[in-house]
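Data block below; observations after.
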Amino acid sequence: MNKLIVSLSPHVHGNDSVERNMHGVIIALLPALLISFFYFGLGAVVVCLSSVAACMFFEWSISKYILHRQPTLSDGSAIITGLLLGMNLPSNLPVWMVIIGALVAIGIGKMTFGGLGCNPFNPALVGRCFLLVSFPAPMTSWPIEYQLTSYIDATTGATPLSFMKTAIKTGDVSVLKKIPDSIDLLLGNLSGNLGAGTIGEICALALILGLIYMLWKRIITWHIPFSIIFTVLIFSGLLHFANPVYANPIQVILSGGLMLGAIFMATDYVTSPMTHRGQLIYGVSIGILTVVIRNWGSYPEGMSFAILIMNAFTPLINHYVKPKRYGEVLKK
Amino acid sequence: MKLHTFRVGGVHVKEYKITAEIATTSAPIPKQAVFPLSQHIGAPAKPVVKKGDKVKVGTLLAEAGGIVSAPIHSSVSGTVTKIGTTIDASGYRKPAIYINVEGDEWEDDIDRSQTLETLVNHPELTPEYIVESIKKAGITGMGGAGFPTFIKLVPPPTAKAECIILNGVECEPYITSDYRLMMEHADEILIGLDLLMKAAKVEKGYIGIEENKPKAIALFEEKTAMDSRIQIVPLAKKYPQGGEKQLVDAVIRRQVPAPPGIPVNVGAIVQNVGTAFAVYEAVMKNKPLFERYTTVTGKKVAHPGNFLVRMGTPFAEMINFCGGLPKGDNKVIAGGPMMGKAVVSLDVPVCKGTNSITVLTDEDARRKAPQPCIRCGKCVEVCPMGLEPYLLATLSVFGEWERAEAEKITSCVSCGSCQFTCPAHRPILDNIFLGKDKVMGIIKSRNKKNDE
């Protein structure tokens, strides 16, 4: 006898899935990842691979042996955390530090709160900031590009961001001249023995390609990345015109982890607000905090801290910022 | 040309309108017809026949049981065999009248001719007469919700009607009964609209039709080209555009206030095209509402089609007429896949609001296992009422009724866009249904207390 299936409506589903979104993010990360292999060679490969492998291992083992539940590596979220953590590290970081970073990211950043969907802070950033405060020297020494076969022994140099900071501290505008022009920053092609920053942030163009892909596939909306980038552009633009010791705003948005953070870290579903209005508040706040930390804080880069701070405000934003209800829109 | 649509949320649902170009035929008359007494929103109808009574097609079986209620007429001729109960599409047992069919004898005062009666030829019809005819014919909203039509035409004194909006959207996938009706009975629908406009004393009529029905748009534009009072509004395809509140927003760019707000608070009275057709038949042909256009459809149904069905026909007879249930387990839905109700038995009869019998195979209907919420916010983005479905679902699970009320759970229109779109396959609407029922109950008992 055939049975009738009974459930409440709706009876069909749009076939979107967690996997589709997560895999989409991984695909969007690929251009930036591949271009980093071109600039950093062996170091980038070792750091990213070890980070992804360690994140997947910790996710699997903590699920299985501590939380006693079916490990869900197939949803792809551990791979994303691994990739983002790796791409947020310098390419000359020893593997054992990468593994500690992965343990903190997955173990403390994600699984202690209950796994996927429950963490208040972006796990990859938790891992990165843990490493930054634990090992400040290796975490802030940046290899020069095109040393394709060297890893820990790579020669390092000062980054464009540190020149911006020096200019503000000393009031010496001529320091800013050492920063490459916007086209080179966009491509990630840094000349003059400059340290290039983290693995993932090097090529703004590749990150923007990833953004276009995610917008096209409707994985994310424009609200968070655009609000961050425009806020930084406007805020640092105002500073630049008021006082030329503050760098050119175009160079500001193209250097450091701003693009990586705005496109891939701040847009993390779990830790960003649910409503578009909330996302705009979140994005603008991250932009302001980033500029403040970059210019007047003790670190040259402020993106990670800005995102983590706003992660903490996300529940509050969700509580107070409601979507535009039907009926609220005025007659027109 | 820029197409209109509603401004908050919405999703794109695959259509599967496989029966769109199949002309309507009459379904066979069943051997036994069953008439549930609650086919509408409001009080159940009260039977006026008893066991053993002989009835004809069109005979009054039950009269309105209150102010918000509607009478029910027989769709067949024969003998009343019992007044008992039947399971209806909601899955609950409800009082019902059973009739054994003998022949097909109609009440004499029903005009069965095909001649078109226009309002121009009948200037003597007064608004009061039209409303009374609609009331007497037992017409309720034919789009599924089933609100008695005459009540909408007599708005409360605080509101003033400015226009009638006919709903020809049919945004649910699969269903094509409204489309067929529009293609086959455009003249009657337009006269029905004329009657509705006269009854509501308004001078403006709109017909909203989605762009996926270009033939219907062209047909109606051609037929109304000379009538400046009536405007055809082509709409961009988006679900749930056929929802009353969404349609008002799409067509006249106004938004209905939160419950207990109704469309007439912003000047609009929304009626389904099927309702307009029923109004024509009731007023001009003296024909009560006892048959309707229904689609029987499904990817695996052997002979899907559109049918003029006598109400009270059990689903089983309609499905067998179309080639029977496909092999394996199936989900049989009264209505469409987004908002229809899955029936628990094929004895459920076709009622006033049954616009479709949709058969989904196990494969299409089976839900995937829910995963943890990844807080992507997609449910918030698509909610056409601007609510936060993830939050309402969680509040319902934890029994936080006060907070759920404050978050406007009662504004939910149950369109299912949230659950349809959820990447984690969470049962969002299931939980909201639970919370909404509970909160409505709390509000009701509180109002009662305040009245005492």
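If we keep just the residues of segment B:73-86 that are crowded, with 19+ Cβ neighbours inside 10 Å and of a type in the set (A, V, I, L, M), which is nearest to the other protein chains (Cβ to nearest Cβ)?
B:VAL76
Considering only segment B:247-290, state which residues are within 14 Å of chain A (Cβ to nearest Cβ) and in a loop (DSSP other than H, G, I, E, B).
Result: B:ARG253, B:ARG254, B:GLN255, B:VAL256, B:PRO257, B:ALA258, B:PRO259, B:PRO260, B:GLY261, B:ILE262, B:GLY267.
Based on what the data block shows, is B:THR394 of a type in the set (Ser, Thr, Tyr), within 12 Å of another protein chain (Cβ to nearest Cβ), in contact with a Lys or Arg (Cβ under 7 Å, 6 or more places away or on another chain) and touching a residue at least 12 places away in the same chain (Cβ under 8 Å)?
no
Results for (1) within 14 Å of chain A (Cβ to nearest Cβ); (2) out of contact with any helix residue (DSSP H, G or I) (no Cβ under 9 Å at 6 or more places or on another chain), shown as yes or no for each residue.
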| residue | (1), (2) |
| --- | --- |
| B:LEU181 | no, no |
| B:ASP187 | no, no |
| B:MET226 | no, yes |
| B:ILE230 | no, no |
| B:LYS245 | yes, no |
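Could you look through segment B:380-428, keep only residues that are acidic (Asp, Glu) and assigned to a loop (DSSP other than H, G, I, E, B), and pick out the one that is farthest from the chain's Cα centre (by Cα)?
Once the filter is applied, the top-ranked residue is B:GLU400.
Got a sec? Which of B:GLY377, B:GLY435 is touching a residue at least 40 places away in the same chain (Cβ under 8 Å) and either more than 7 Å from chain A (Cβ to nearest Cβ) or farther than 30 Å from B:CYS322 by Cβ (or both)?
Step by step, each of B:GLY377, B:GLY435 is checked, and only B:GLY435 is touching a residue at least 40 places away in the same chain (Cβ under 8 Å) and either more than 7 Å from chain A (Cβ to nearest Cβ) or farther than 30 Å from B:CYS322 by Cβ (or both).
Looking only at segment A:75-105, count every residue that is under 13 Å from A:ALA53 (Cβ atoms) and among the β-branched types (Val, Ile, Thr) and tell me the total.
5
Name every residue in segment B:215-232 that is surrounded by fewer than 20 Cβ atoms within 10 Å (Cβ to Cβ) and outside any loop (DSSP other than H, G, I, E, B), in order of residue number.
B:LYS215, B:ALA218, B:LEU219, B:GLU221, B:GLU222, B:LYS223, B:GLN231
Kindly indicate whether B:ASN355 is closer than 15 Å to B:ILE175 by Cα, more than 11 Å from chain A (Cβ to nearest Cβ) and polar (S, T, N, Q).
Answer is yes for this residue.
For A:MET56, state whether it is in a helix (DSSP H, G or I), within 11 Å of chain B (Cβ to nearest Cβ), more than 23 Å from B:VAL13 (Cβ to Cβ) and within 19 Å of the chain's Cα centre (by Cα).
Judged against the criteria, A:MET56 is not a match.
State all residues of segment A:108-124 that are in contact with a Gly (Cβ under 9 Å, 6 or more places away or on another chain), closer than 19 Å to A:TYR65 by Cα and assigned to a helix (DSSP H, G or I); if no residue qualifies, say none.
Result: A:ILE108, single match.
Condition check ((1) in a helix (DSSP H, G or I); (2) surrounded by fewer than 23 Cβ atoms within 10 Å (Cβ to Cβ); (3) within 14 Å of another protein chain (Cβ to nearest Cβ)) across all residues:
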| residue | (1), (2), (3) |
| --- | --- |
| A:CYS48 | yes, no, no |
| A:GLN70 | no, yes, yes |
| A:SER74 | yes, yes, yes |
| A:VAL126 | yes, no, no |
| A:PHE130 | yes, yes, no |
| A:LEU161 | yes, no, no |
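Each reported figure results from applying straightforward, stated rules to the coordinates on display, with no laboratory input. The structure displayed is predicted, hence computed values, not measured ones. When we count neighbours, we look across all protein chains shown, and the Cβ atoms used for this are built from the backbone with ideal geometry, even at glycine.
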